[in-house]
Amino acid sequence: MKKTKCVTIDVSLVTEAEEVAVRLGTTFSALVEEALRRFLRQTEAWRGVEEKLTNIETLLRQCLEKTRKEPVAASSRSQEPPPQLSDNLWVGILRRRG
């Protein structure tokens, strides 16, 4: 037994979808089901991207917090050797993500 769900769709969209279904040689219902499947797959793919962006944002916030907590003395800076690129916090993040 198939379960059904009733939804409300604007008549102009239904008309357009019915015409496309006829051109493709399929039913309106099959066309709508395929469109929903594709939308859901696309949504899943975006969730993965959103998770990655959230992770990057978290790492950047951690770096900013760490940078803010480190005291910077102007007089001691002139005596220090120039910082090495390998010690750079941002370079470390990019290498982990790269």
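Laboratory data are not the source of any read-out in this text; all were calculated from the coordinates shown. Just so it is clear, the structure is predicted and the values come from calculations on it, not from any experiment. FYI the Cβ positions are ideal-geometry reconstructions off the backbone, even for glycines, and counts take in every protein chain you see.
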### Message
Among TRP46, THR58, VAL22, which residue has its Cα furthest toward the positive end of the charge dipole of region 11-72, with +1 on Lys/Arg Cβ and -1 on Asp/Glu Cβ?
### Response
THR58
### Message
Going Cα to Cα from LYS69, which aspartates and glutamates come in below 20 Å? Please leave out same-chain ones fewer than 8 positions away.
### Response
GLU57, GLU80, ASP87
### Rounded to whole Hz, the Karplus (6.51, -1.76, 1.60) HN-Hα couplings of region 38-53, x for glycine and proline
5, 4, 5, 5, 5, 4, 4, 4, 5, 4, x, 5, 4, 5, 5, 5
